[in-house]
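Reading through the structure tokens given below for one structure.
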Amino acid sequence: MERIWNKRTFERRLNPNPVDVPIDLYAALISTPEVVAAAANRLGLTSSTVTVVDDRTYEWRTAEGSRALYRILLSEPRHQVTLFQGHLIMYGLTVHGSMLGNLDLSNDSTGVHQDLSVYVQVDRSIMAWLTKLFVALIPGKIDAEVSHGFEFTGAVARWAWRDREGFCRWRQTSAFAPERTARIAELVGCATVVH
């Protein structure tokens, strides 16, 4: 973590559009990224997958071959810090690196607001001219990947909140251990949905 912070290649700050769902539901969803990814696949929003490695560690993969292990270092109701380590596939080439993400949640009458700062360290073991090329291109790629993640997380949250019956039915047929979705189901009100 200190290495990324002290030797970061670049940093970004993103503020996606508000998500009009209760903040507790949104916080519960981002704490279970494998549930969000599976639900987003169910909705046809992504082909990325997230699998649980252990309590706070996950593996993210895309159909294009990008892959990262990430660990939730800090998880509070309104604040999450996450460390990503892996590689992105860009234009058929593999770029290795690490990213530290610091996410703060807040809410008002327009919905849940997200303030994300990311600090990225690109592995500079590749040739110097490629490094310069990638450093020019990677911020845009990072923005696109992170923005896409925010978009489908927001869409899953809205689905869970607005189509409770559909979400709860999907949850019942999913392969997740019940404890992984228990808090989300409680907030959505799955116990009161008649199937």
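The values are calculated or read from the model by the stated rules, or taken from the named source; none is laboratory data. Because the structure is a prediction, the values reported are computed rather than measured. FYI the Cβ positions are ideal-geometry reconstructions off the backbone, even for glycines, and counts take in every protein chain you see.
Mind listing just one residue for me: the one in the stretch 39-72 that is touching a strand residue (DSSP E or B) at 6+ places or on another chain (Cβ under 8 Å) and hydrophobic (A, V, I, L, M, F, W, C) and, of those, nearest to ASP115 (Cα to Cα)? Before the answer, list the steps.
Going residue by residue through the stretch 39-72, those that are touching a strand residue (DSSP E or B) at 6+ places or on another chain (Cβ under 8 Å) are 41, 48-53, 56-62, 64-72.
From what's left, hydrophobic (A, V, I, L, M, F, W, C): 50, 52-53, 60, 68-69, 72.
Values: VAL50: 22, VAL52: 25, VAL53: 27, TRP60: 22, ALA68: 22, LEU69: 22, ILE72: 17 Å.
So the residue we want is ILE72.
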What number of residues within the stretch 153-167 are touching a helix residue (DSSP H, G or I) at 6+ places or on another chain (Cβ under 9 Å) and under 15 Å from ALA28 (Cα atoms)? 9
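Looking at SER174, SER98 in this structure, which one is modelled with pLDDT under 90, surrounded by 14 or more Cβ atoms within 10 Å (Cβ to Cβ) and among the polar types (S, T, N, Q)?
On the way: SER174 fails: modelled with pLDDT under 90.
Just a single option satisfies the conditions, and that option is SER98.
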Which strands (runs of 3 or more DSSP E) does the stretch 13-132 wholly contain that include 3 or more residues that are in contact (Cβ under 8 Å) with a residue 24 or more places away in the chain and not acidic (Asp, Glu)? 67-76, 79-90, 93-108, 111-122
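Kindly indicate which of SER48, SER31, SER106 is modelled with pLDDT of 95 or more and small (Gly, Ala, Ser). Explain how you work it out, then say what you get.
Details: SER48 fails: modelled with pLDDT of 95 or more; SER31 fails: modelled with pLDDT of 95 or more.
Result: SER106 is the single residue among SER48, SER31, SER106 that is modelled with pLDDT of 95 or more and small (Gly, Ala, Ser).
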Could you please find all residues in the stretch 164-179 being touching a residue at least 24 places away in the same chain (Cβ under 8 Å) and either within 18 Å of ILE23 (Cα to Cα) or more than 22 Å from the chain's Cα centre (by Cα) (or both)? ARG164, GLU165, PHE167, ARG169
